[in-house]
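Inspection log for the structure reproduced underneath, given as structure tokens.
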Amino acid sequence: MRLKDKVSIITGGSQGIGEATAKKLGEHGSKVVIADINEEIGLQTVEKLRSNDIDVIFVKTDVSNEQSVKSLIKETVEHFGGVDSLVNNAAATMRKSVIDTSLEEWKKVIDVNLTGTFLCSKYAIPEISKRGGGAIVNMASWHAYRTITRFAAYAASKGGMTALTRQMALDCGPLNIRVNAVCPSTVDTPMLYETFKSLPDPEDAFEQTLAFQPLGRIASAEDIANACLFLISDESTYVSGHSLMVDGGTFNKVARPLMFD
């Protein structure tokens, strides 16, 4: 029960990494707020978590909309009394080059991934400060440091998130708020399989991706959730401004599978 009586907001918490993180934090005693634009799946996830005795609510949220984010924080405080931690996990992805990406597509990815992180942090920080401090985890990506072909908007947004993480750590330090990022590589989530579907041979793409993993397996969403738990808990009380690679060692390789060329 590392997070007993804490209150955690997880954006994009309805499925994938967000759902696994909500479950992990809840299992360790945190009250949980799932913030997601997908109400149907979000409510289903809430029911699953409640069946595991996790105190959780769902708040429909568009993280790219300022008023929606304000409402998220307000409803969280009204229901649970405050905020102790925030996981900025909501994400949009797109596999296109700069030339192929329209301005509208660019804005969508940047607005969800980067502006969403900014807005949620902006309105959560004062509430976390009122509780005497806490933690923020930004779900970045190894695309922030090394990327592959045709991920222009996504890589830019994740690079921005890691830079924002470092900067926020400085500003939030005096408030006793630690700010870190988690940088996954390939994770077994619905988003991964949506990417595979866009390729000529999804099955071959999966096999090549699996063969590329030094640990011999693709990360589970729980692997990433474990990293979030560490960065939110008191076990990392002197860790801030850090981007943690949770990639099974793939960052150390010098090439990517041919399917991405």
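Some values worked out for this structure:
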read-out	value
Filter pass, Gly16 being on the phi > 0 side of the Ramachandran plot and touching a helix residue (DSSP H, G or I) at 6+ places or on another chain (Cβ under 6 Å)	yes
Residue that is of a type in the set (Val, Ile, Thr) and modelled with pLDDT under 95, where the choices are Thr93, Thr61	Thr93
Close pairs (7 angstrom Cβ cut-off, 6 or more residues apart or separate chains): free of Cβ contacts under 8 Å to residues at least 60 places away in the same chain and farther than 16 Å from Lys122 by Cα in the range 151-169, of a type in the set (A, V, I, L, M, F, W, C) and not in a helix (DSSP H, G or I) anywhere	Ala152/Val98; Ala153/Met94; Lys158/Ala140
Test for Thr209: is it among the β-branched types (Val, Ile, Thr) and either surrounded by fewer than 21 Cβ atoms within 10 Å (Cβ to Cβ) or modelled with pLDDT of 95 or more (or both)	yes
Counted residues, the range 154-169 - those being farther than 14 Å from Asn88 by Cα and in contact with a Ser or Thr (Cβ under 9 Å, 6 or more places away or on another chain)	5
Cβ-Cβ under 8 Å pairs, at least 6 apart or on other chains, the range 62-87 side among the basic types (Lys, Arg), far side surrounded by fewer than 20 Cβ atoms within 10 Å (Cβ to Cβ)	Lys70/Tyr123
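The values are calculated or read from the model by the stated rules, or taken from the named source; none is laboratory data. On a predicted model such as this, the values are computed, not experimentally measured, just so you know. Virtual Cβ from ideal backbone geometry, glycine too; neighbours counted across all protein chains shown.
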